[in-house]
Amino acid sequence: MNYAALVTAISTYTENTFPTTAMNTFITQAEQRIYNTVQFPSLRKNVTGAVTASNKYVSCPDDFLAPYSLAVYPLAGGDYTYLLNKDVNYIREAYPNPTSTGTPKYYALFGPTVVSSTITNELSIIVGPTPDTDYYAELHYYYYPTSITTANTTWLGDNFDSVLLYGSLVEAYTYMKGEADIVMGIDAKYKEALALAKRLGDGMERQDAYRSGQYRQAVT
């Protein structure tokens, strides 16, 4: 289901025509709810960059929301070292002297990046100990994919359009101040579709038959 088909379906179900701005709000709010409930692989992204010697801070990508993992490895090549996620105060306590250097072992979300005394919307990471030399870094992180309202087609629209449709309808009926029984019915359909989506994203896509065995339904 692409954007045009989704808009048509929402208008048909609600028997209403909405301004484009309102329609896009329904859809993006539904996407946000879905993406914060089910961890689809399409929500993962990775970037490579670098941590520099004597600098314990690393800027996050603009679309960064939360980390999955952070690893460093030597510029000349070699083994990956995966850093353990800790809190800032742990790193400060473990390495109170910022001039103490070594291969980073820990990282934490530090806060907004500051550029020329200006606080930006971009988050930053602190590592500990302070890097003793330059390293390549590989960050896997959680982000919101481009909305279907902008991209026209998305993984969610192509592969699980039912949850996107019913999620958008919940928002649309809320906007319309629809009757309670109708809202409850649509919300029930949304939760049903969401459960199936969660079975896929948090279940089937995280296992295989070799490791977990094939699904077996009890025979009565």
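Details
- For Gly102, the criteria (1) more than 30 Å from Asp202 (Cα to Cα); (2) open to solvent by 50 Å² or more (accessible area, probe 1.4 Å) hold in every case but one, which is (2).
- Failed item in (1) touching a Leu at 6+ places or on another chain (Cβ under 9 Å); (2) within 21 Å of Glu31 (Cα to Cα), with Ala195 passing the rest: (1)
- Matching entry among Tyr68, Tyr80 (being farther than 28 Å from Leu194 by Cβ, open to solvent by 60 Å² or more (accessible area, probe 1.4 Å), of a type in the set (Ser, Thr, Tyr) and in contact with a strand residue (DSSP E or B) (Cβ under 8 Å, 6 or more places away or on another chain)): Tyr80
- Neighbours by Cβ (under 7 Å, 6+ apart or cross-chain): first from the range 63-79, on the phi < 0 side of the Ramachandran plot; second open to solvent by less than 40 Å² (accessible area, probe 1.4 Å) and charged (D, E, K, R): Ala71/Glu138
- Val47 vs. criteria of a type in the set (A, V, I, L, M, F, W, C) and under 30 Å from Gly157 (Cα atoms): yes
- Checking Gly128 against (1) without any contact (Cβ under 8 Å) to a residue 60 or more places away in the chain; (2) of a type in the set (Gly, Ala, Ser); (3) farther than 30 Å from Thr17 by Cα, the condition it does not meet: (1)
- Any chance Thr48 is without any contact (Cβ under 8 Å) to a residue 24 or more places away in the chain, exposed (fewer than 15 other Cβ atoms within 10 Å of the Cβ) and β-branched (Val, Ile, Thr): no
- Residues located in the range 51-65, provided they are open to solvent by 40 Å² or more (accessible area, probe 1.4 Å), out of contact with any Pro (no Cβ under 8 Å at 6 or more places or on another chain) and of a type outside the set (D, E, K, R): Tyr57, Ser59, Leu65
- Summed over the range 9-19, residues that are among the β-branched types (Val, Ile, Thr) and closer than 17 Å to Leu156 by Cβ total 1.
- Flag for Leu123 being closer than 17 Å to Thr37 by Cβ, surrounded by 13 or more Cβ atoms within 10 Å (Cβ to Cβ) and not polar (S, T, N, Q): no
- Any hit, the range 12-22, residues being open to solvent by 30 Å² or more (accessible area, probe 1.4 Å), touching a Leu at 6+ places or on another chain (Cβ under 6 Å), under 27 Å from Thr149 (Cα atoms) and not polar (S, T, N, Q): yes
- Unmet criterion (only one of (1) open to solvent by less than 40 Å² (accessible area, probe 1.4 Å); (2) in contact (Cβ under 8 Å) with a residue 60 or more places away in the chain) for Gly111: (2)
- Condition broken by Pro129, with the remaining ones in (1) surrounded by 13 or more Cβ atoms within 10 Å (Cβ to Cβ); (2) closer than 30 Å to Tyr190 by Cβ satisfied: (2)
The values are calculated or read from the model by the stated rules, or taken from the named source; none is laboratory data. Since the model is a prediction, treat every value here as computed from it, not as a measurement. Note that each Cβ is placed from the backbone with ideal geometry, even for glycine, and that neighbours are counted across all protein chains shown. Keep in mind that these areas ignore ligands, DNA and RNA; they rest on the heavy atoms of the full protein, side chains included. Shrake-Rupley method; radii C 1.70, N 1.55, O 1.52, S 1.80 Å.
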